[in-house]
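Read through the structure below, which is laid out as structure tokens, and then see the notes.
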Protein chains: 2
Amino acid sequence: MAKNITPRAENYSQWYLDVIAAGQLADHAPVKGCMVIRPTGYAIWEQMQAVLDRKFKETGHVNAYFPVLIPESFIHKEAQHIEGFSPELAVVTHAGGKMLEEPLVVRPTSETVVGHMYAQWVQSYRDLPLLINQWCNVMRWELRTRLFLRTSEFLWQEGHTAHETGAEAEEETLRMLDIYRVFMEDTLAMPVLTGRKSESEKFPGAVHTYSCEALMQDKKALQAGTSHYLGQNFAKAFNITFLDRQNNRTHVHTTSWGASTRLIGALLMTHSDDDGLVLPPRIAPVQVAIVPLYKSEAEKAEVMAFAGQVSRRLSEKLDPLRIRMDTREDQRPADRFFHWVQQGVPLRAEIGPKDVQKGHAMFVRRDTREKVPLSLEQIAVAVPELLTRMQDELFAKAKAFREAHSHRVDSYPEFKRVLEEQGGFLYAHWNGSAEVEAMVKEETKATIRCIPAGGEPAPGKCMVTGEPSLQRVVFSVAY
Amino acid sequence: MAKNITPRAENYSQWYLDVIAAGQLADHAPVKGCMVIRPTGYAIWEQMQAVLDRKFKETGHVNAYFPVLIPESFIHKEAQHIEGFSPELAVVTHAGGKMLEEPLVVRPTSETVVGHMYAQWVQSYRDLPLLINQWCNVMRWELRTRLFLRTSEFLWQEGHTAHETGAEAEEETLRMLDIYRVFMEDTLAMPVLTGRKSESEKFPGAVHTYSCEALMQDKKALQAGTSHYLGQNFAKAFNITFLDRQNNRTHVHTTSWGASTRLIGALLMTHSDDDGLVLPPRIAPVQVAIVPLYKSEAEKAEVMAFAGQVSRRLSEKLDPLRIRMDTREDQRPADRFFHWVQQGVPLRAEIGPKDVQKGHAMFVRRDTREKVPLSLEQIAVAVPELLTRMQDELFAKAKAFREAHSHRVDSYPEFKRVLEEQGGFLYAHWNGSAEVEAMVKEETKATIRCIPAGGEPAPGKCMVTGEPSLQRVVFSVAY
């Protein structure tokens, strides 16, 4: 058992922070509520960026950069938007030694400044669709923060698109939601529910918000990515118009969608255990750590030669694995193993003199601790297979966990009992009113995570009022 | 001639802005002095990032992320640092609806907050060297701004390293300077002088600053990247100490080095002409634009089939070229050609019905307008060769321009005359005093760009005072 990590059963919140510290993923910054993303954590973000960026570009999006400072008046132009973001703004009042004529806010999100520029760039239907993404930092001043999950500054990507028709924009909104879902499930091995948000939970300024909702090991929900259909709300606020195919001047329809460094927290809480971080192979910055073990110079020579061969077998593939050779000589083997365990590296290849004699390396799976001796001849094929199996099993395990903690409840007393005793995702009927939603939240802290899409909607009766309901919605206590 | 671009000879500053507008590289943001980097401009930055990031990682550096907001008191901890940056700070005084107890500055650079964290991370010589880089936005409030060259917000990378000894840190400083030089010369086809800055021109807080200096087409110098040996200045200000190999507690030696989106402006002013942007092939986001030309459906079928084959020949290589198929049907051929000209795309492949009959595509070089017909069989080999030749010729041309505008001057009257009549880099002897440097700057606007390294230093006499000088230094009027 890891002495530097509090077990989940004892204190889940402390476990989370301990896993981050042990894996050297992030630190608290000197400014309250902000974080420093350390190299191990940032490398995970770089992997996420690479996969998502490729998917965005494959679907026709390009990257750009909009400024971090936004005139305060911009935020006021969309009524819901200012209401939602006003309490969280950080404001620059002085610059260059002088007080500014108009205060500037550090972007909490960029719909407003993007809208201002799109109004200049879009003239005709020929300029549409406009499909732009940006990778950047944003700032939302938070009182209660937690590394990765809720910090005053975080990194994210925000896509902003403009379209001729509402139907096309809605299609884009759902396309990007699905890109997030596939990324989270296939790359992060993290199953997510997708669906629409209730009116109370949607993005300030959106017509519809859709989200990906994951279930963490403490049976709380985590919103892992959102995609918004903004209708013509921002187009009207920022006067983004175009000459349509009938030569009429019309407002565009816009979308926005984002995923952030919060995903690192989600990934951590989906797979990690009481020994620390567990990373699925597809997202792991280091997939195989090779640990040569020797005591004498003679042993060193033969072990290092063999380790070099192992490394080459894994590197010379068309799609080379991400490997790291651990050449530290000033630490005990147990400490070196533990380092890679707590960094969440999927496979550790231990190579000592006895392994060399037997002509194999001992591969140890991070998640199951299973030990698999593989000869040089087997490595090139068997290691990728092992990693694929591990990826699949991590996803299956997380999905089974979610299924085991998804419950159908039909009455409000049952809802409260199951929520308290079991937690997880509660599927219940709801009459669609904000009042009932607010009451449930007030009394139980559970919110509607989403109105799930797909499948045959089965009507029923609201668990609180008995009024008719078209389909069950998903409640949960959420991060 | 491009009607949307002012010729260089008429108004160089306007030419620069016109090339940016015509190429859709960037726009002025609503906040004064800030910019929006548009997709075409940002794609160039992404290419720069990819090449530099690979070079940083190959030399053992890892990426991380430090917060954008820094307590104002941090900036005051290093005396020269606050003096240098104080006039340029943007200050957050309010957040979350309240006035902050301590104002926070938007980072102008991150030595201070990095130093604060390094003090926590470094305990022993075993933790060194610490080799961290970050890609981020920074803010320096500027009164007179120019897109890419000087903006209140810009994007950059900043490397921050900590070492056991001064010698090792100096070596790192020069290693990174050379990585910049090679990148600028080989990838951007932009020749640069490297050397040390004078005391007056060095980074606030550095012991030594080294820079890469390029010469623009208007014969003004542009500082394109800097690398600083910080000695123990920041280590002492932030108490970054370690137990050395003799078990003594010692301060680390640090470096920092940075290159920014300013490089896009440098690239533009090195190669572009009166028709707009010219990009060297190695940095161009699109290397070949394929433009099929047809008037009837029958022509379209055969032209598009041939264009598809051209595209495949260029894409199926091991190292595929970056190509774009221009399928627009609502614009005249001349407008389509002009679009790619002004985006700076190195090669345009025109394919009309007559070309298909002859079994070739007509490749047009952006820089020389040279037309080269190439058959399908030739393309896979000849196009990369053509791009390599173009890359080499752009570098040679820029280098010849610099040589033609580098002058040795021996007296101050000669200095003033040559500076006024010719501009460029002026190699002159200097007595090393800040007073002479300041007087020359005051009287001529020329500053010491660098004290060049390498070669046999040839002693002489200061052009102003006649006092002894160890070597010539390079003066120029600079951006």
### Query
Considering the stretch B:230-251 alone, what residues qualify as being closer than 24 Å to B:ASP178 by Cα and outside any helix (DSSP H, G or I)?
B:LEU230, B:GLY231, B:GLN232
### Message
Condition (residue is closer than 30 Å to B:HIS94 by Cα, within 11 Å of another protein chain (Cβ to nearest Cβ) and modelled with pLDDT of 95 or more) applied to the stretch A:155-172: is it met by at least one residue?
### Response
yes
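With respect to B:VAL92, determine if the residue is buried (at least 18 other Cβ atoms within 10 Å of the Cβ), modelled with pLDDT of 95 or more and under 23 Å from the mean Cα position of the chain (by Cα).
Considered against the rule, which asks whether it is buried (at least 18 other Cβ atoms within 10 Å of the Cβ), modelled with pLDDT of 95 or more and under 23 Å from the mean Cα position of the chain (by Cα), B:VAL92 comes out as no.
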### Options B:VAL303, B:VAL252, B:VAL286: the member that is surrounded by 15 or more Cβ atoms within 10 Å (Cβ to Cβ) and farther than 29 Å from B:GLN342 by Cα
B:VAL252
### Query
Do the conditions hold for A:VAL105, that is, is it crowded, with 24+ Cβ neighbours inside 10 Å, at the interface with chain B (Cβ under 7 Å from one of its Cβ atoms) and within 31 Å of the chain's Cα centre (by Cα)?
no
#### Entry: Those residues of the stretch A:118-151 which are more than 11 Å from chain B (Cβ to nearest Cβ), within 30 Å of B:GLY23 (Cα to Cα) and not in a helix (DSSP H, G or I), in sequence order
A:VAL122, A:GLN123, A:LEU128, A:PRO129
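Looking only at residues in the stretch A:164-178 that are buried (at least 20 other Cβ atoms within 10 Å of the Cβ) and within 21 Å of the chain's Cα centre (by Cα), which one is farthest from A:THR241 (Cα to Cα)?
A:LEU177
Yes/no matrix, rows are residues, columns are (1) surrounded by 18 or more Cβ atoms within 10 Å (Cβ to Cβ); (2) assigned by TED's automatic domain parsing to the domain that holds B:LEU17; (3) at pLDDT below 95; (4) within 30 Å of B:LYS202 (Cα to Cα):
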residue	(1), (2), (3), (4)
B:HIS228	yes, yes, no, yes
B:GLN232	no, yes, no, yes
B:PRO281	yes, no, no, no
B:ARG332	no, no, yes, no
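Of A:SER227, A:SER200, A:SER211, which residue is part of a helix (DSSP H, G or I) and not β-branched (Val, Ile, Thr)?
Numbers: A:SER227 fails: part of a helix (DSSP H, G or I); A:SER211 fails: part of a helix (DSSP H, G or I).
Just a single option satisfies the conditions, and that option is A:SER200.
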### Residue among B:LEU188, B:LEU222 that is in contact with a strand residue (DSSP E or B) (Cβ under 6 Å, 6 or more places away or on another chain), crowded, with 20+ Cβ neighbours inside 10 Å and in contact (Cβ under 8 Å) with a residue 60 or more places away in the chain
B:LEU222
#### Entry: Flag for A:LEU155 being in the same structural domain as A:GLY195 (by TED's automatic domain parsing) and more than 16 Å from A:GLN49 (Cβ to Cβ)
no
### Query
What about B:GLY115, is it over 23 Å from the mean Cα position of the chain (by Cα), surrounded by fewer than 23 Cβ atoms within 10 Å (Cβ to Cβ) and either more than 26 Å from A:PRO87 (Cβ to Cβ) or of a type outside the set (Ser, Thr, Tyr) (or both)?
no
### Query
Any idea which residue in the stretch A:64-102 is nearest to the other protein chains (Cβ to nearest Cβ), counting only those that are in contact (Cβ under 8 Å) with a residue 60 or more places away in the chain and not hydrophobic (A, V, I, L, M, F, W, C)?
A:TYR65
### Query
Looking at this structure, is A:ARG196 more than 22 Å from A:GLN471 (Cβ to Cβ) and basic (Lys, Arg)?
no
### Output for the stretch B:428-461, where each listed residue is of a type in the set (A, V, I, L, M, F, W, C) and in contact with a Gly (Cβ under 8 Å, 6 or more places away or on another chain)
B:CYS450, B:ILE451, B:ALA453
### Task
Could you check, for the stretch B:14-26, whether at least one of its residues is facing chain A (nearest Cβ under 10 Å), modelled with pLDDT of 95 or more and under 22 Å from the mean Cα position of the chain (by Cα)?
yes
### Message
Tell me whether the stretch A:390-405 contains one or more residues that are farther than 30 Å from A:LEU267 by Cβ and not in a strand (DSSP E or B).
### Response
no
### Message
So A:GLU46 ticks every box in (1) buried (at least 19 other Cβ atoms within 10 Å of the Cβ); (2) facing another protein chain (nearest Cβ under 9 Å); (3) under 21 Å from the mean Cα position of the chain (by Cα); (4) touching a residue at least 24 places away in the same chain (Cβ under 8 Å) but one. Which box is left unticked?
### Response
(1)
### Which numbered condition B:VAL51 misses (of (1) over 23 Å from B:ASP273 (Cα atoms); (2) within 9 Å of chain A (Cβ to nearest Cβ))
(2)
### Task
Please work out which one of (1) away from chain A (no Cβ under 11 Å); (2) modelled with pLDDT of 95 or more is the condition B:SER110 fails and give its number.
(1)
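Just to check your reading of the model, which residue among B:ASP319, B:ASP367, B:ASP326, B:ASP330 is touching a helix residue (DSSP H, G or I) at 6+ places or on another chain (Cβ under 9 Å) and over 23 Å from B:LYS3 (Cα atoms)?
Exactly one residue qualifies, and that residue is B:ASP319.
The values are calculated or read from the model by the stated rules, or taken from the named source; none is laboratory data. Source: prediction; values computed, not measured. Backbone-built Cβ (ideal geometry, glycine too); neighbour counts: all protein chains shown.
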